[in-house]
Amino acid sequence: MGCPPATRSIGELTFAEVSQCVRETSILCLPIGAIEQHGAHLPLNTDVIVAAELTRRIIARWGDEFDLWQLPTISVSLSREHDWAPGTLSLGIQSFVALLRDMARDITRALPARNLAIINGHGGNRGVLDSLIHELRGDFALNGCVVHPFDLSKVATGASSPDVHGGKSETSVMLALAPRLVRTEAIVPAAGPADSEAIAGLIFDRGVSFPWRTDDRRLTASGVIGEAHAASAQLGHDIIASVVEEARGVLVRLLENQRLMSR
Ligand SMILES: [Zn+2]
């Protein structure tokens, strides 16, 4: 196939191509999704599609410049805040961390690359992943980062209420990535104005953390927190383009960290 080969998916390489093409300075990109309720209009695998597809596009744009490689997606993660809804699947925190530590250990055994960019499609994983990357560095000498796409995007969404889950941004990105999976007829304007005070106090107060849930009627009556009805495919394309563009700065900083680590 030659290097770079016609693919940048690790799974599509042969074992011999891994040795020929992947280097210590290569960056492995690991999409992490979730299987969880996203209201009446989005599928359970929304976060899987977002994580995997954004990873694919980041690699399509920057893969040759930064030697990026896509790892298989981890599709189930930490979704207990949605476990009232049929179909929601969640790992326990211990299993999730054990899975990722095993992956990290095996990456260092099976691949020469020592950089890992996690593309996290599910906000509920943030706290654990932010702690875990310290262990991946300390225990496995893996130089890592976690990308949170919706926060990395610089696009002003113009949402008039907090956009937390299945709302304007996420629905827009799904309209751009997988329109056939969006049940547009099931998108209804919220029954009343969102209780912004409850959302601010339970979810966004940086001074305190609560185990908030999407069956909490103060936050949502539908499982969605945000304005799905204001979503558009154009906004979705804009968010995706911004995430891909901003990813370059992430990759530069990640490689800079590796250079400093190896001194
Ligand atoms: Zn989601």
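Here, each number is a calculation from the coordinates, and none is a lab measurement. Bear in mind the structure is a predicted one, so any value in this text is a computation, not a measurement. Please note: Cβ atoms are built from the backbone with ideal geometry, for glycine as well, and neighbour counts cover all protein chains shown.
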Output needed: Cys residues of the chain lacking any neighbouring Cys C-beta below 4.7 Å, sorted by number. Cys29, Cys145
Alpha carbon Rg of segment 169-254, scaled by the compact-globule rule 2.2 N^0.38 Å: 1.33
Looking only at Cα atoms, what is the convex hull volume of segment 1-134 per residue, in Å³? 110
Based only on the alpha carbon positions, what is the Kirkwood hydrodynamic radius of the chain, in angstrom? 19.2
Go through 176-185, 115-124 and give me the packing order, highest mean Cβ count within 10 Å leading. 115-124, 176-185
Between Ser232 and Asn257, what is the label-point separation in nm under the 7 Å Cα-to-beta-carbon projection? 3.6
What nm distance separates the two modelled labels at Ala159 and Arg217, each placed 7 Å from Cα along Cα→Cβ? 2.4
Consider a paramagnetic label point 7 Å from the Cα of Leu89 along Cα→Cβ; state which residues of segment 106-130 have an amide N under 17 Å from it. 121-122
Residues with amide H under 5 Å of Cys29's amide H, sequence separation 5 or more or different chain, H placed in the peptide plane at 1.01 Å from N; which? Trp69, Gln70, Leu71, Ala117
What are the extents of the Cα atoms of segment 72-138 along their three principal axes, in Å, largest first? 42, 21, 19
Whole angstrom only: what separates the Cα centroid of segment 188-263 from the Cα centroid of segment 1-25? 34
Relative contact order of the chain, pairs being alpha-carbon contacts under 8 Å that are 6 or more residues apart, as %: 22
Estimated vicinal HN-Hα couplings, Hz - segment 44-57 in sequence order (Karplus 6.51, -1.76, 1.60; Gly, Pro = x): 4, 8, 3, 5, 5, 5, 4, 5, 5, 6, 5, 4, 4, 6
Taking the 0 to 90 degree range and rounding to the nearest ten, how far is the long axis of helix 126-140 tilted relative to the main principal axis of the chain, both from C-alpha atoms? 10
Can you give the % of DSSP beta bridges in segment 8-134 that are antiparallel, to the nearest 5? 15
5 angstrom amide H check on Gly167, placed H, neighbours 5+ away: Ile225
Would you mind giving the three semi-axes, in whole Å and largest first, of the ellipsoid equivalent to segment 103-209 according to its Cα gyration tensor? 34, 19, 11
Compare Thr46, Thr25, Thr55 in a GNM of the chain, Cα atoms joined below 10 Å, and give the one with the largest fluctuation. Thr25
